[in-house]
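Readers should treat all values here as calculations from the given coordinates under stated rules, not as data from a laboratory. Quantities reported herein were computed from a predicted structural model and do not represent experimental measurements. Every residue, glycine among them, receives a Cβ derived from its backbone with ideal geometry; neighbour counts consider all protein chains shown.
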Amino acid sequence: MSVDVITNTSPVIWLGRVLSGLAIAFLLLDAVMKLVPIQPVIDTMQALGFNSTTTLARGLGILLLGCTVLYAIPKTALVGALLLTGYLGGAIAIQLRAGNPLFSHILFGGYIGIFLWAGLLMRNNQARALLFP
């Protein structure tokens, strides 16, 4: 069965929107927590080995917010997904270097990445056509 036959159904498109929406909601929450650098954010950054400052937290928040907005806009969703994949890869590398648990910490960025890409491929015909010609 071809990719087009499977993904052009309305329930699949809606499932893609739900998956994308969940990923966007989590990433926006994470970005806002970094923009308003509350004490747990600062403490966590220090535990991960950063010389944590509010400037660094806000910079990461702005970066994450920008990438998430690009992902949320249909015309720039593919670029946003690529940028977010890089951001999440960095998060995975930091968790790995810190020696945190595999399934709850290290792979969490991978879980969000799966939601991002699955949602994008289910809801966006152009992204699907580009990746699966």
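Between Ile112, Ile24, Ile94, the residue with the greatest mean-square fluctuation in the GNM of the chain (Cα pairs under 10 Å linked by springs) is Ile94.
Close amide H pairs (under 5 Å, H built 1.01 Å from N) link Thr53 with no residue at least 5 positions away or on another chain. Our summary gives the chain a relative contact order of 32 percent, counting only alpha carbon pairs under 8 angstrom and 6 or more residues apart.
Note on the chain: with charges restricted to the Cβ of Lys and Arg (+1) and Asp and Glu (-1), its dipole about the Cα centre is near 160 debye.
Sequence-ordered 3J(HN,Hα) estimates for segment 107-120 from the Karplus curve with 6.51, -1.76 and 1.60 and θ = phi - 60° stand at 8, 4, x, x, 4, 5, x, 5, 4, 4, 6, 4, x, 5 Hz, glycine and proline given as x. Between Ala47 and Asn125, the modelled label-to-label distance comes to 4.7 nm, taking each label 7 Å out from Cα in the direction of the beta carbon. Gain on full extension, evaluated as 0.36 nm per residue between Leu22 and Arg58 minus their Cα-Cα distance, stands at 10.7 nm. Computed from Cα positions, the angle between helix 54-72 and the longest principal axis of the chain comes to roughly 0 degrees. Quick one: angle between helix 77-98 and the longest Cα principal axis of the chain, in degrees between 0 and 90, rounded to 10, please. The angle comes out near 40 degrees.
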